[in-house]
1. Which percent of the accessible area of the chain is formed by carbon and sulfur heavy atoms (probe 1.4 angstrom)?
2. Are any of the pairs K10/K140; K110/K158; K14/K158; K50/K117; K52/K169 more than 32 Å apart by Cα-Cα distance, and if so, which?
3. Send over the Kirkwood Rh of the stretch 85-162, from the inverse of the averaged 1/r over different Cα pairs, rounded to one decimal Å.
4. Would you tell me the accessible area of I34, worked out with a 1.4 angstrom probe on the heavy atoms of the protein chains, in Å² to the nearest 10?
5. Which value in Å is the Kirkwood Rh of the stretch 1-46 over different Cα pairs?
6. If the viscosity is 1.306 mPa s and the temperature 10 °C, what translational diffusion coefficient in µm²/s does Stokes-Einstein give for the stretch 24-160 when Rh comes from Kirkwood over Cα pairs?
7. Looking at the stretch 41-75, which GluC sites (Glu not before Pro) are in a loop (DSSP not H, G, I, E or B) and have at most 16 other Cβ atoms within 10 Å?
8. With a 1.4 Å probe and all protein chains left in place, how much accessible area per residue does the stretch 34-151 have, in Å²?
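The values are calculated or read from the model by the stated rules, or taken from the named source; none is laboratory data. Because the structure is predicted, anything quoted here is derived from the model rather than measured. Backbone-built Cβ (ideal geometry, glycine too); neighbour counts: all protein chains shown. The protein model used for the area step is the full one, side chains on, heavy atoms only, and it has no ligands, DNA or RNA in it. Shrake-Rupley method; radii C 1.70, N 1.55, O 1.52, S 1.80 Å.
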Amino acid sequence: LEDVYINGDKELLKEFLNFCVSLTKELHIAHVVILSSNTVFIERIYSDAKLKVTSRFYKIDHLNRGSTEEWLKGEGFSEGDIELIWDYLGGCIPLIQRMIRDRHEFTTLKEYLDHQKWLAYTEIVHFMNFSGEITQEERKAFKDIAEDIVKKGFFTPKDTDSYRITIEKFAQVEILFFDPLSLNITGNNRLYEKGMEILLRGQGEYRDCSRF
């Protein structure tokens, strides 16, 4: 609904959200639940004074380590495999489901995970260098962000336009995740953070992916 306007100059998204408020706080006839993986959209709602006071925010996160280990043990993975999977995929349910389905196409689990890491890296590089969306200043800002995420596990926003715009752009394509409640920026999933490791070290970990 973003960038769609009705009746000349009314923003459709804003009109929809106002309608949700009227259903809940004015007419009292329904609760409205909105789910989104787009963190820029979530931040927009959180920053809107009217929406913030009429809403409650819940972060639906990836699985924690204990739940992930329990799941993978039930699938027959060894302790060593589980440690490796957690390092590469974290508790991201779709990534783990894909790994369970596709890992047998590779010689080893490590080969599959390295391939997925490489694909995450190439997605980052393609958006940085070939999409036409990112300026040189924003590339530098992203590398600074990636360095903090790899070292500390998160990045705390800096109050400059280049960082703000960079975070917005990479969050829009779901490479970065911005949590407006904690103000921390992380990779949208663990695999993107592994891709950032390659970005910061250079391309020395290249794998021949031509057959895929």
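1. The nonpolar share, carbon plus sulfur, comes to 51 percent.
2. Distance filter (> 32 Å) returns K10/K140; K110/K158; K50/K117.
3. So the Kirkwood estimate lands at 14.7 Å.
4. Counting only protein heavy atoms, I34 exposes about 70 Å² to solvent.
5. Kirkwood hydrodynamic radius for the stretch 1-46: 11.8 Å.
6. The Stokes-Einstein estimate is 85 µm²/s.
7. Sparse-neighbourhood loop GluC sites (Glu not before Pro): E75.
8. Roughly 58 Å² per residue, with all protein chains present.
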